[in-house]
Amino acid sequence: MAKLIWFALGAGAATWWISHRPRHDDEHLHGPRGWHRGCHRPQANSDTPTSQPEVPPPNASAVSPPLAPHSPPLQHAPGPWPGYQGPWGDAKFQQAKQQASEAAAEMTESTLDNLTTTLLTWKQRLAEQRAQREREAEAQKQDQMNPPRYV
């Protein structure tokens, strides 16, 4: 309970400090309260003209012309997209894929064999411990039935 109280006190103190800390000259970097609140850009001087011309808003009535029905399909330069053979070629890729699959299957099989062996070992140990407990319980019961005689 004491830890919870100390946590609440610390959280309250941190909250109060953040909201009441003294303001510094770096407010233009971090905003007026807190760190990185929104996107802050330095304000441009109104004396200097902008280097980029203003782009008018898109006109809803302007529609791009449709493609001509007789236009040929676009041709692409060789690159990484479907059907690209690459430097390996299809046969080498299939061979590497097959080797990776076989390696993954072998690793899975050895892991399962290892797990099975471990579980069987644990099962044998539990059976041995159970048999030992039963022998001890039987010996204790015999000792209670035949107490030692002090004559």
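Laboratory data are not the source of any read-out in this text; all were calculated from the coordinates shown. Since we're looking at a predicted model, the values are computed, not measured. Cβ sites come from the backbone with ideal geometry, for glycine too, and all protein chains shown count toward neighbours.
Projecting the Cα positions of Pro148, Ala131, Leu120 onto the charge dipole of region 104-151 (unit charges on Cβ atoms of Lys, Arg, Asp and Glu, taken about the Cα centre) puts Pro148 furthest along the positive direction. Straightening the chain between Lys97 and Leu4 buys 27.9 nm, computed as 0.36 nm per residue apart minus the Cα-Cα spacing.
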